[in-house]
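Visitor: Here's a structure for you.
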Amino acid sequence: MLRGLKRLNKYENRILRIAKLGGKNVRIFQQGFSRKTKEGFRFPIHSLEIGSESAIKKKPVGLVAGVHGLETIGIRVLLDFLEYILDSNSLGYLPEIEKGKMGIVCLPIVNPGGVALKMRANPAGVDLMRNSGVEADDPMPFFGGHKMSPKLPYYRGNTMEPEARTLYRFVKKYFFESKNSCMSVLDIHSGFGTIDHVWWPFAFTKEKCRDEELFIKMSEYLKETCHNVSFRYGPQSESYTTNGDLWDRFYLHFNKEYRNGKETQKSAFLPWTLEIGTWSDLKKNPLRTLKKRGIFNPSKENKSETITGYRKLLTDFVKMATMELYN
Ligand SMILES: [Zn+2]
């Protein structure tokens, strides 16, 4: 039944090797557990702290992947990036981490049960990005999330699943109590369309979010520094509207409970989503659409190129997040 267990073990081992590679600059924690599978297995959800504790406390930047169990390309992009910046022999080595000037926190596999079962949803059949309880203004039918049956994709579930609550605890611990900062998190997905999207809130409405101007300013910066690659930037609702996006809920919650409507409070919590476009491969080999994994992951020959292709964006993203450009 657990057809993806080997793959999950491979990623978990790679996370351990990353912790070893980073030495005293990397700490690994168990942040929570997945839902149980039918057979009764639960999988631990691990998080990583990279950099000094004071850097993480002062101005953390977050990287998240593996919310959807089939989108393993996102997990590999994240792990590749960590190896790239932590290895002192690598071209991408970031000395800022060792010097205590940069603090990164990661949740590389939010949905380990989905990876082990080779499915998008968690072991209970819930699509975690439809699970937050936020109701959309005008959701796409079915794809935007439904309550019909966990046997169908995009099922919303009833209450927040253990994986979603684990992600919430992670976000709260590192971001909600930090002051006078502007804090970015990037959640890496794959599968929508032929080009790469970088989204910001909201998914539930076409209304502008409170930090729209800041998001635009930061995306202008990223466009300039990543000039050789084309990403399409904008609020997620420009592409489609869905119920239950977790980042919508966390963002709304932060602004209501922590920012408290005071314009003098400088801290902003900025959740970004990178959606790696993979459909372009399908043109070359249309038969791949027939395979379940085909839509969400690029074909083999393009894989290593795809993975290393995001190193520049992620480097610019974590560097931008530690700058003081935006107050
Ligand atoms: Zn996804």
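The values are calculated or read from the model by the stated rules, or taken from the named source; none is laboratory data. The shown structure was predicted, so the numbers you read here are calculated from the model rather than taken from an experiment. Positions of Cβ are backbone-derived with ideal geometry, glycine not excepted, and every protein chain shown enters the neighbour counts. Calculation scope for accessible area: heavy atoms of the full protein, side chains included, ligands and nucleic acids excluded. Shrake-Rupley method; radii C 1.70, N 1.55, O 1.52, S 1.80 Å.
Visitor: Please give the net charge around Leu21, taking every other residue with its beta carbon less than 11 angstrom from that of Leu21, where Lys and Arg add +1 and Asp and Glu add -1. Could the numbers behind the result be given before it?
Guide: Details: positive: Arg14, Arg17, Lys20; negative: Glu83, Asp87.
That works out to +1.
Visitor: Please give me, ordered by residue number, the GluC sites (Glu not before Pro) of segment 170-251 that lie in loop per DSSP and have at most 14 other Cβ atoms within 10 Å. Walk me through the numbers on the way to the answer.
Guide: On the way: sites: Glu177, Glu207, Glu212, Glu213, Glu220, Glu224, Glu238; in loops: Glu177, Glu207.
Answer in residue order: Glu177, Glu207.
Visitor: Assuming 0.692 mPa s and 37 °C, estimate D for segment 68-138 with Stokes-Einstein, Rh taken as the Kirkwood radius over Cα pairs, in µm²/s.
Guide: Answer from the Stokes-Einstein relation: 226 µm²/s.
Visitor: Please calculate how many Å² of accessible area segment 1-77 carries per residue, with a 1.4 Å probe and no DNA, RNA or ligand atoms counted.
Guide: Details: 3730 Å² over 77 residues.
On a per-residue basis, segment 1-77 sits at 48 Å².
Visitor: If you don't mind, another one. Measure off, as a whole percent, the carbon and sulfur share of the 1.4 Å-probe accessible area of segment 1-71, all protein chains present.
Guide: On the way: 2030 of 3660 Å².
Answer for segment 1-71: carbon and sulfur cover 55 percent of the accessible area.
Visitor: For each pair in Lys208/Lys312; Lys24/Lys57; Lys59/Lys206; Lys179/Lys223; Lys147/Lys256; Lys217/Lys256, compute the distance between the two Cα atoms and list the pairs where it is over 21 Å. Can you show the working numbers first?
Guide: Numbers: Lys208/Lys312 28 Å; Lys24/Lys57 17 Å; Lys59/Lys206 30 Å; Lys179/Lys223 28 Å; Lys147/Lys256 27 Å; Lys217/Lys256 23 Å.
With Cα atoms farther than 21 Å apart: Lys208/Lys312; Lys59/Lys206; Lys179/Lys223; Lys147/Lys256; Lys217/Lys256.
Visitor: Net charge near Phe204: determine it from the other residues with C-beta under 10 Å of the C-beta of Phe204, scoring Lys and Arg +1 and Asp and Glu -1. Please report the intermediate quantities before stating the final value.
Guide: On the way: positive: Lys206, Arg249; negative: Glu135, Asp137, Asp138, Glu207, Asp245, Asp248.
Result for the local shell: -4.
Visitor: Of all DSSP beta bridges located in the chain, what percent are antiparallel, nearest 5?
Guide: Working: 13 of 37 bridges.
So the antiparallel bridges amount to about 35 percent of the total.
Visitor: Normalised by the number of residues in the chain, what is the relative contact order in percent for Cα pairs under 8 Å and 6+ residues apart?
Guide: Values: 688 pairs, mean separation 69.2, N = 327.
With pairs under 8 Å counted, the relative contact order is 21 percent.
Visitor: How charged is the neighbourhood of Pro162? Take every other residue with its Cβ under 10 Å from the Cβ of Pro162, and add Lys/Arg as +1 and Asp/Glu as -1. Display every interim value, and only then the final one.
Guide: Numbers: positive: Arg35, Lys36, Arg42, Arg165; negative: Glu161, Glu163.
Spelling it out: positives minus negatives among the neighbours equals +2.
Visitor: Within segment 145-223, what whole-number % of the accessible surface is contributed by carbon and sulfur, with the 1.4 Å probe and all protein chains included in the calculation? Display every interim value, and only then the final one.
Guide: On the way: 1880 of 3460 Å².
Exposed carbon and sulfur together represent 54 percent of the surface.
Visitor: By its C-alpha gyration tensor, with a ≥ b ≥ c as the square roots of the eigenvalues, how is the chain shaped: rounded for a/c under 1.5, else prolate for a/b larger than b/c, else oblate?
Guide: Numbers: a/c = 1.30, a/b = 1.13, b/c = 1.15.
Rounded is the answer for the chain, as its axis ratio a/c remains below 1.5.
Visitor: Hey, another quick one. Which of the listed residues, Thr159, Leu270, Gly193, is farthest toward the dipole's positive end in the chain, when Lys, Arg count +1 and Asp, Glu count -1 at the beta-carbon?
Guide: Result: Thr159.
Visitor: Could I ask something else about it? Leaving out ligands and nucleic acids, and using a 1.4 Å probe, what accessible area per residue does segment 84-188 come to in Å²?
Guide: Values: 4150 Å² over 105 residues.
Accessible surface, normalised per residue, equals 40 Å².
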